[in-house]
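To keep things clear, I will list the structure first and then write my remarks on it.
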Amino acid sequence: MFLFLYKKTDLKDVIKTPFTCENLTMNQPNQLPVWKSLVKHHSHMAHVHMRDLFKADPGRFKRYSITLDDILFDYSKNRITDETLALLLELAKASHLEEKRDDMFLGKRINLTENRAVLHTALRNRSNHPVLLDGQDVMPDVNRVLDSMRVFTQKVRSGEWTGFTGKKVTDVVNIGIGGSDLGPRMVVKALTPYTDPTLRVHFISNVDEADLVETLRPLDPETTLFCVASKTFTTLETMTNAHSAKDWLLAKLKDPAAIAKHFVAISTNIEKVSAFGIDQQNVFEFWDWVGGRYSIWSSIGLPIALGIGMDAFESMLAGAHRVDQHFRTAPLEQNIPVLMGLLGIWYDNFFRADAYAILPYDQYLEFLSSYLQQGDMESNGKTVDLDGDPVSYSTGPIIFGQPGTNGQHAFYQLMHQGSALIPSDFLAAVESHNQRTEHHDLLISNFIAQTEALMIGKTTAEAKAELIAQGTTLTGEALDDLAAAKTFAGNRPSNSFLYQRLTPQTLGSLIALYEHKIFVQGTVWHINSFDQMGVELGKQLAKTIQEEIESRNLSKPHDASTEGLLNRYIANK
Ligand code: G6Q
């Protein structure tokens with residue numbers, strides 16, 4: 001059945017086809033009766049405008065918003081009614097979301113393809129209740145590593161830890177990529193107001209030497225501390241950068257004994273770390289039950305803790321733990337990540353929306369969308385379900401975004417008037433970390449105005465009336481044409497997150513909300529959100545090609561394009 005589908009149909013058609021008799025598999029959501037009800041309900045909702053829903057119901061904001069501590073989640077600007085929500089919640093229940101959520105928290109091996117538990121929630125389990133993995137409580141190990149991070153960060157921040165020549169560390173450089181880079185990079189930027197300006201934190205990820213050269217150029221080896229972050233300690237980019245950083249250090253400090261004072265490692269692979277030459281005492285471990293893109297709460301967070309201090313790092317853990325409790329205990333209809341996930345499914349599977357925008361109105365959250373892009377797209381960018389069958393519906397959308405208001409002057413045009421429906425999340429703090437309130441008021445005015453404009457749009461009659469009021473000289477067809485170009489259909493959905501201030505705790509909560517949203521969607525789609533075979537394939541192929549470039553000899557047959565590119569590079573390098 002699998003082969004038949006792929007031979008007969010283009011993949012895009014396969015994943016966009018909600019019902020065909022060839023692609024029935026028992027556990028897929030589109031086999032559930034409630035899916036059919038949602039298809040039917042969608043054909044009605046496709047013609048309902050949010051403008052009318054708001055007009056008809058003055059209590060809509062109140063009913064469709066939830067407050068969790070200082071975070072307000074407003075989901076009223078969505079193309080939903082009570083009936084939509086009831087059906088989506090039924091879909092969640094029929095997908096056994098609650099049981100599967102509990103399995104994750106209980107340490108069951110839900111990452112089937114890698115036969116691993118998924119326990120990033122244990123890393124931030126601030127209530128410290130036992131979390132059993134194969135009958136063994138993981139909390140003593142978690143707490144031991146947190147303690148060692150506390151001791152180390154205090155030493156570095158206080159100046160007790162010095163470089164090889166006795167000088168205080170002024171610059172920390174994290175070398176990692178993907179899950180070992182994006183999270184710490186995003187958080188260190190997000191929490192800049194909490195960082196110590198005398199201890200700067202930098203990030204090198206790209207194997208392009210430019211990243212290494214330009215980051216190290218202003219730094220002094222005597223006062224630089226490297227954190228080599230790699231779960232496997234085999235990733236080509238990270239290992240290449242780590243070796244070059246070692247050369248850079250030794251070119252000045254000469255003595256290999258300096259490595260112990262200037263390199264620490266964060267890894268699950270202690271053997272490989274020792275082979276690299278890093279002192280066993282300088283290794284911060286984590287475990288195979290922590291996925292790379294969910295590892296920010298583990299020792300992968302060490303550069304964050306160095307930047308903001310261990311107390312603030314633990315506040316971030318507490319914020320995430322708060323959301324874990326909410327996700328575990330709040331009724332589904334009051335459960336923020338459940339609603340976030342279900343709303344995403346509503347647009348992805350029923351409105352066929354292929355993209356999703358994440359739009360923080362906060363320059364400190366500059367890297368939030370790229371961090372969540374990895375979290376979401378690597379987790380739910382799958383077309384094979386948990387039973388090994390191809391899925392017959394679309395899964396993870398394309399996640400993109402950048403901070404407002406910059407994005408407004410770039411891609412929002414398409415969000416307002418383009419042919420694609422792009423649901424979005426807007427995020428902002430009520431209070432700024434900075435002083436000039438006129439900037440912040442303007443920023444927030446734009447946030448609110450954009451969600452309003454996306455929802456309400458502008459009718460042709462309104463556009464025409466506006467042109468006339470502005471004294472246009474156009475008449476007849478010319479006036480109609482301009483009014484048409486200035487028409488906005490509206491009815492474009494968005495969620496808004498408004499919180500008091502971007503503190504470590506609030507940031508921890510926001511990240512955890514998105515992590516659980518991804519879990520909710522992966523569960524309904526019946527896919528494994530915790531493997532990443534696509535990343536593995538890239539790593540494997542690059543290794544073969546690198547060997548071919550080195551030996552200037554193509555050891556295996558490639559397609560004509562790959563061969564042509566390789567030959568061109570080898571001949572001209
Ligand atoms: C994340 C992915 C991937 C991974 C990087 C780095 O979930 O698995 O982004 O984090 O490939 O891997 P290492 O930490 O093993 O170097």
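Quick note: the coordinates plus some simple rules give every number you see, no bench work behind them. Nothing here was measured: the structure is a model prediction, and the numbers come from that model. Cβ: placed from backbone, ideal geometry, glycine included. Neighbour counts: every protein chain shown.
So the values come out like this:
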item	result
Debye-sum result for segment 525-573 in log10 I(q)/I(0), which assumes one identical scatterer on each alpha carbon, at q = 0.13, 0.18, 0.32 Å⁻¹	-0.41, -0.62, -1.24
Size of electric dipole in segment 364-462: Cβ of Lys, Arg +1 and of Asp, Glu -1, about Cα centre, debye, nearest 20	300
Between segment 385-426 and segment 213-264, the alpha-carbon center distance in angstrom	38
Among beta bridges that DSSP assigns inside the chain, antiparallel share in %, nearest 5	30
Extended-chain gain in nm, criterion 0.36 nm per residue less alpha-carbon gap, LEU565 and ARG150	144.5 nm
Segment GLN281-ARG126, extension gain: residue separation times 0.36 nm, minus the distance between their alpha carbons	53.2 nm
Packing-based ranking, highest mean first, of 151-160, 504-513 given that Cβ atoms within 10 Å are counted	504-513, 151-160
Filtered trypsin sites (Lys or Arg not before Pro), segment 311-377: DSSP coil and at most 16 other beta carbons within 10 Å	ARG352
Calculated FRET value between VAL213 and ALA478, using beta carbons and R₀ = 45 Å, to 0.05	0.20
Cα centroid separation, segment 500-573 to segment 74-146 (Å)	25
Ranked by how many other beta carbons lie within 10 Å on average, peptides 405-416, 434-445, 336-347 from highest	336-347, 405-416, 434-445
Partner lysines for LYS246 [C-alpha distance under 28 Å; skip if fewer than 8 residues away on the same chain]	LYS155, LYS167, LYS168, LYS189, LYS231, LYS254, LYS261, LYS272, LYS539, LYS543, LYS573
Rounded to 5, the percent of DSSP beta bridges in segment 122-275 classed as antiparallel	20
Simple spin-label estimate for MET26 and LEU414 in nanometres, 7 Å along Cα-Cβ	4.2
For segment 357-375 versus segment 313-342, the gap between their alpha-carbon centres in whole angstrom	19
Among SER424, ALA461, TYR75 - extreme Cα towards positive end, dipole of the chain, charges at beta-carbon	ALA461
18 Å Cα-Cα reach of LYS93 towards aspartates and glutamates, excluding residues that sit fewer than 8 places from it in its own chain	ASP82, GLU83, ASP102, ASP103, GLU333
The chain: radius of gyration and largest Cα-Cα distance (Dmax), Å	25.8, 83
Inter-label distance, nm, simple model (7 Å from Cα along the C-beta direction), LYS458/VAL39	3.9
Additional length obtainable on full extension of the chain from GLU99 to MET533, 0.36 nm per residue less Cα span	153.7 nm
